[in-house]
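Engineer: Here it is, the structure in full.
The values are calculated or read from the model by the stated rules, or taken from the named source; none is laboratory data. Since the structure is predicted, the reported quantities are computational estimates derived from the model, not experimental observations. No Cβ is skipped: glycine too gets one built from the backbone with ideal geometry, and neighbour counts run over all protein chains shown.
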Amino acid sequence: MIAVMTDLLTLHRRTMANAAAIVDRVRPDQLGLPTPCAAWNLGQLLAHMTGQNRGFASAARGEDFDLAVWAETAAEEPGEAFAASAEEVVAAFAGDGATERVWPMLVGADQAARVPGKTALGYHFIDYVVHAWNVAAAIGVPAEFDEDVLAAVLPLAEEVPLEGPTRNGPYAPFAPAVPSHEGEGRLERLLAILGRDPAWAPED
């Protein structure tokens, strides 16, 4: 975990702004496109990303767990819905004492687990670097990240267990790791660790 929490909050805020900029490039006719998340098309992925933002924000504010807050509901304007949820989660994470609390987080389909705020922030940071890439790959645009963001997120990803519930099962947050190759950059190593093929592209 990054030693200075304010640094992680800053990097997370920049990551969310980058994700929102990529999502803003999604056209309505692209919502049915496949994504590197094999179970979801692009519209479903955006609904997941938006629901997770709202759920994490609620948890960071210290609110009681409410499954409805985490709902992955398709929005009429998914780009606007995601942008609003990104602003909400960034503000919640920066709230007074938020990262010092224990957050009630959704696990599985409908269960809550209590997670230290600093750990949950790290998970969200990892997730939205990868999700930003997922969206960019789906619509065929570059996903660009500052090197300090990648330098911070890669060690966090390397701490994710390679076996067990974080990797296997219908509600595992990460897919099993895939082989990486010598000479790859930080982004490619990050994606491989978290079960994404860095060369993924939609089939012609």
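Engineer: Which of the following residues is in a loop (DSSP other than H, G, I, E, B), modelled with pLDDT of 95 or more and over 19 Å from L156 (Cβ atoms): R54, R25?
Structural biologist: On the way: R54 fails: in a loop (DSSP other than H, G, I, E, B).
R25 is the lone residue from the list that is in a loop (DSSP other than H, G, I, E, B), modelled with pLDDT of 95 or more and over 19 Å from L156 (Cβ atoms).
Engineer: I've got another one for you. Could you list, ordered by first residue, the pairs with Cβ atoms under 9 Å in which the first is in region 29-58 and over 19 Å from A84 (Cα atoms) and the second is of a type in the set (D, E, K, R) and assigned to a loop (DSSP other than H, G, I, E, B), at least 6 apart or interchain?
Structural biologist: Close Cβ pairs satisfying both conditions: P34/E203; P36/R196; P36/D197; C37/R196.
Engineer: Within region 71-81, take every residue that is in contact (Cβ under 8 Å) with a residue 24 or more places away in the chain and part of a helix (DSSP H, G or I) and give me the one that is surrounded by the fewest Cβ atoms within 10 Å (Cβ to Cβ).
Structural biologist: If we filter region 71-81 for residues that are in contact (Cβ under 8 Å) with a residue 24 or more places away in the chain, which is where we start, we get 72-75, 78-79, 81.
Subset that is part of a helix (DSSP H, G or I): 78-79, 81.
Numbers: P78: 20, G79: 18, A81: 21.
Ranking the candidates gives G79 first.
Engineer: Also, I was wondering about something else. Does R167 satisfy the condition of being farther than 16 Å from A132 by Cβ, crowded, with 17+ Cβ neighbours inside 10 Å and modelled with pLDDT under 85? Give the derivation first.
Structural biologist: Details: farther than 16 Å from A132 by Cβ: yes; crowded, with 17+ Cβ neighbours inside 10 Å: yes; modelled with pLDDT under 85: yes.
For R167, the condition - farther than 16 Å from A132 by Cβ, crowded, with 17+ Cβ neighbours inside 10 Å and modelled with pLDDT under 85 - is met.
Engineer: Any chance you could count how many residues in region 94-142 are closer than 16 Å to L194 by Cα and either within 14 Å of the chain's Cα centre (by Cα) or not in a helix (DSSP H, G or I) (or both)? Explain how you work it out, then say what you get.
Structural biologist: Looking only at region 94-142, we keep the residues that are closer than 16 Å to L194 by Cα, and these are 122-135, 137.
Filter again for either within 14 Å of the chain's Cα centre (by Cα) or not in a helix (DSSP H, G or I) (or both), leaving 122-135.
Within region 94-142, residues that are closer than 16 Å to L194 by Cα and either within 14 Å of the chain's Cα centre (by Cα) or not in a helix (DSSP H, G or I) (or both) number 14.
Engineer: Modelled with pLDDT of 95 or more, within 24 Å of T166 (Cα to Cα) and either of a type outside the set (S, T, N, Q) or surrounded by 14 or more Cβ atoms within 10 Å (Cβ to Cβ) (or both): does that describe V107? Walk me through how you get there before you give the answer.
Structural biologist: On the way: modelled with pLDDT of 95 or more: no; within 24 Å of T166 (Cα to Cα): yes; either of a type outside the set (S, T, N, Q) or surrounded by 14 or more Cβ atoms within 10 Å (Cβ to Cβ) (or both): yes.
No, not satisfied.
Engineer: Sticking with this structure for a sec: Six or more apart or on different chains, Cβ atoms under 8 Å: show the pairs whose first residue is in region 181-196 and in contact (Cβ under 8 Å) with a residue 60 or more places away in the chain and closer than 16 Å to P142 by Cβ and whose second is β-branched (V, I, T) and in a loop (DSSP other than H, G, I, E, B).
Structural biologist: Hits for this filter: R196/V178.
Engineer: Filter region 112-124 down to the residues that are touching a Ser or Thr at 6+ places or on another chain (Cβ under 8 Å) and closer than 17 Å to R54 by Cβ and list them by number.
Structural biologist: Once the filter is applied, which keeps residues that are touching a Ser or Thr at 6+ places or on another chain (Cβ under 8 Å) and closer than 17 Å to R54 by Cβ, region 112-124 yields G117, L121.
Engineer: Sticking with this one: Taking the options A91, A68, A84, name whichever one is out of contact with any Leu (no Cβ under 9 Å at 6 or more places or on another chain), loosely packed, with under 14 Cβ neighbours inside 10 Å and assigned to a helix (DSSP H, G or I). Lay out the reasoning, then the answer.
Structural biologist: Details: A91 fails: loosely packed, with under 14 Cβ neighbours inside 10 Å; A84 fails: loosely packed, with under 14 Cβ neighbours inside 10 Å.
None of the others qualify; the one that does is A68.
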